[in-house]
Amino acid sequence: MNFSFTVSAWAAWTPGAEGLETGGAVRTEALVLPAALRRRTTGIGRKALAAALAILPEAGAPRFVLASRHGEYRRTFAMLQALSEEGAVSPTDFSMAVHHALAGLLSIATGNHEGHTAIAAGPDSFAYGLMEAGMWVAEAQIPALMIYFDEALPAAYPSEGEPPEMVLAVGITPAVAGSGLRVTMMGEAAQGEGRSLALAFLETLRRGRGDGGAQGGRMAWRWQLDA
């Protein structure tokens, strides 16, 4: 199975980076999340929203697609601890613990009424987020903004196989003949989880062209980017 689209812009926070890395059609004027909404997010959530705002189209409203293996799990873990120890949880933490909470905040902050989708698909979450956004763009001919983020689980959980903390936001528009990005999903080739799909994809974006790929948990993914 394969699908195609054009990457209009991207923004990333990666392990060890001091700031936001961007490419493509980034905004000429930076947008900042209102303080009232910023206070409701965790550290990884603020990075995810900052990446999305950096590449938000200056004209038109894209559909938001949020993809994450665990979401803002440090908030969820703290809520579970509070429930166990105190028998009650913070209403704010409870309302923000749903998987699509960041997409909702981003919609409110930008006045976006196009709707959003939230994806959680284990180690393949990033690639299935790309698929959701790419298929939407192909069908609706409306841009999409895919936001992927993940962070290390709390120390109480085994860390083997967990992705590195990172954020990658990708602006996606309809495919154009002779250029764009083609993604192929190869289920038969999957034999266990490999390297981070998001990091592998980011390497291709940095180069600006060429092919790449990585092994997910159940699927192998390949892509070809033409300048």
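The values are calculated or read from the model by the stated rules, or taken from the named source; none is laboratory data. Computed from a predicted model, the values in this text were never measured in an experiment. All Cβ positions, even for glycine, are placed from backbone atoms using ideal geometry, and neighbour counts span all protein chains on display.
For beta carbons closer than 6 Å, sequence separation of 6+ or different chains, a first residue in segment 199-227 that is under 14 Å from Leu168 (Cβ atoms) and a second that is outside any loop (DSSP other than H, G, I, E, B) and among the β-branched types (Val, Ile, Thr), the qualifying pairs are Gly212/Thr204; Trp223/Val183.
For segment 92-114, state whether one or more residues are touching a helix residue (DSSP H, G or I) at 6+ places or on another chain (Cβ under 6 Å) and among the acidic types (Asp, Glu). Yes, there is a match, as at least one residue in segment 92-114 is touching a helix residue (DSSP H, G or I) at 6+ places or on another chain (Cβ under 6 Å) and among the acidic types (Asp, Glu). Close Cβ contacts (under 6 Å, 6 or more residues apart or on different chains) running from residues in segment 76-102 that are of a type in the set (Ser, Thr, Tyr) to residues that are surrounded by 12 or more Cβ atoms within 10 Å (Cβ to Cβ) comprise Thr76/Ala97. Ala109 satisfies every condition listed in (1) out of contact with any Asp or Glu (no Cβ under 9 Å at 6 or more places or on another chain); (2) closer than 20 Å to Arg27 by Cα; (3) modelled with pLDDT of 90 or more except (3).
Confirm whether Tyr157 is exposed (fewer than 14 other Cβ atoms within 10 Å of the Cβ), aromatic (Phe, Trp, Tyr) and out of contact with any Asp or Glu (no Cβ under 6 Å at 6 or more places or on another chain).
Working: exposed (fewer than 14 other Cβ atoms within 10 Å of the Cβ): yes; aromatic (Phe, Trp, Tyr): yes; out of contact with any Asp or Glu (no Cβ under 6 Å at 6 or more places or on another chain): yes.
Yes; evaluated as a whole, the condition is true for this residue.
Please indicate, with yes or no, whether at least one residue in segment 68-84 is within 30 Å of Gly180 (Cβ to Cβ), out of contact with any Asp or Glu (no Cβ under 9 Å at 6 or more places or on another chain) and not β-branched (Val, Ile, Thr). The answer is no; no qualifying residue exists. Quick check on my filter: what residues within segment 66-90 are over 17 Å from the mean Cα position of the chain (by Cα) and of a type in the set (Gly, Ala, Ser)? Within segment 66-90, Ala78, Ala82, Ser84, Gly87, Ala88, Ser90 meet the criteria.
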